[in-house]
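Just so you know, all these numbers are worked out from the coordinates, no wet-lab data involved. Keep in mind that this is a model prediction, so the values were computed, not measured. Methodologically, a virtual Cβ is constructed for each residue, glycine included, from the backbone with ideal geometry; neighbour enumeration extends over all protein chains shown.
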Amino acid sequence: MENKKLLKKKRLATLIDTTIFAAITTPIFLLDIILFGTYQQIQTYDRASIFLIKNACQIYLGFVILLFLFKDSMKGQSLGKKFLKLAVVDSATNKTNFKKSLSRNIIGILSIGDLILSFITLRRIGDIYNNTKIISVEK
């Protein structure tokens, strides 16, 4: 019964993190698309400013993706996990590990199977590879 409750909390934490990520990236991504679409139609003297804005948008999106990769690195908790009192820890030591959290999230981004497993079971491919697990932290 405890695993079902933990799985529900994990799903909700993933939903919270994904919603935050989408809310931060979508407006900038749309702005980038709009500027790219109009770039060909703008007169030459305006292209430099559009180019700078477009590059700033891309740098911002890159920064947000890096934040997503490192989201569990702070005490093993993303914002969603912190809100729901969950943490990612090493299975052997029950302590957080920066490198394992990063590797876990890289695998999560690169593998569609990891995404599917994240909603079915408590352990994703990234968890199995890095020997990590999600635990409830009541503080």
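Some notes on this structure:
- The charge dipole of the range 76-139, taken about its Cα centre with unit charges on the Cβ atoms of Lys, Arg (+1), Asp and Glu (-1) only, comes to about 200 debye.
- Rel. contact order, % - alpha carbon contacts under 8 angstrom, at least six apart, the chain: 27
- Residue (of Ile28, Val137, Thr96) at the positive-pole extreme of the chain, dipole from beta-carbon charges: Val137
- A simple charge model with +1 on the Cβ of Lys and Arg, -1 on the Cβ of Asp and Glu and nothing else charged puts the dipole of the chain at about 740 debye relative to its Cα centre.
- The stretch between Phe51 and Phe83 holds 7.6 nm of extra length on full extension. This uses 0.36 nm per residue minus the Cα-Cα distance.
- Helix 44-69 and the long axis of the chain differ in direction by around 0°, with both axes built from C-alpha atoms.
- Helix axis angle, 2-39 relative to the chain longest principal axis, alpha carbon, degrees: 10
- When mean projected area of the Cα convex hull in nm² is calculated for this entry, the matching label among [x] 9.5; [y] 8.1; [z] 12.2 is [x].
- Extension gain, Tyr60 to Ile33, is 8.3 nm, computed as 0.36 nm per intervening residue step minus the present C-alpha separation.
- Inter-part distance where the range 71-132 and the range 1-27 are each reduced to a Cα centre, Å: 12
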